[in-house]
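No lab work stands behind these numbers, since they all come straight from the coordinates. These numbers come from a predicted model, not from an experiment. Positions of Cβ are generated from backbone atoms using ideal geometry, with glycine treated the same way; all protein chains shown enter the neighbour counts.
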Amino acid sequence: MGQCIFCGDFLSEGRWSLGYRTCLMCGEEQARQEQHTIVPLHKSNYIPVFNRQDLEGINNKGGLVK
C-alpha cells in the first residue's frame with residue numbers, strides 16, 4: 001500500500017496495484033487542470049488537440065496549412 005504523491009494519504013491496495021499514485025481527490029484536481037479540444041478533420045475522424053499551434057490550418061480541404 002502506498003501514499004498519494006501530493007497529499008500523503010494512503011491509497012487502497014487495488015488503486016496502487018493499478019498504477020495510480022494519487023488519491024481520488026488529488027487525481028480529480030489534476031484531471032481538471034488538463035485541457036484539450038476535439039477537432040473534426042475534413043472527410044475523416046475526430047482528433048484531440050492539446051497544443052494550440054497544432055490547430056492552425058488543420059480543417060482545410062487541402063491538408064495541413066501553416
Margin query: At R0 = 25 Å, how high is the FRET efficiency between Leu18 and Lys43 if r is their beta carbon distance? Nearest 0.05 is fine.
Written below: 0.05
Next item on the list: Hey, can you grab everything whose amide H is under 5 Å from the amide H of Phe6? Only 5+ residues off in sequence or another chain; H modelled, so Pro and N-termini drop out.
Entry: Cys23
Item checked: Peptides 11-22, 47-58 ordered by average Cβ neighbours within 10 Å, highest first -> 11-22, 47-58
Next item on the list: Mind checking the full-extension length gain between Phe10 and Arg32? Use 0.36 nm per residue of separation minus the Cα-Cα distance, one decimal, nm.
Entry: 5.8 nm
Checklist line | Estimated inter-spin distance, Arg52 and Met1, nm [label 7 Å along Cα→Cβ] | finding: 4.5
Item checked: Equivalent ellipsoid semi-axes - Cα gyration tensor, the chain, angstrom -> 39, 12, 8
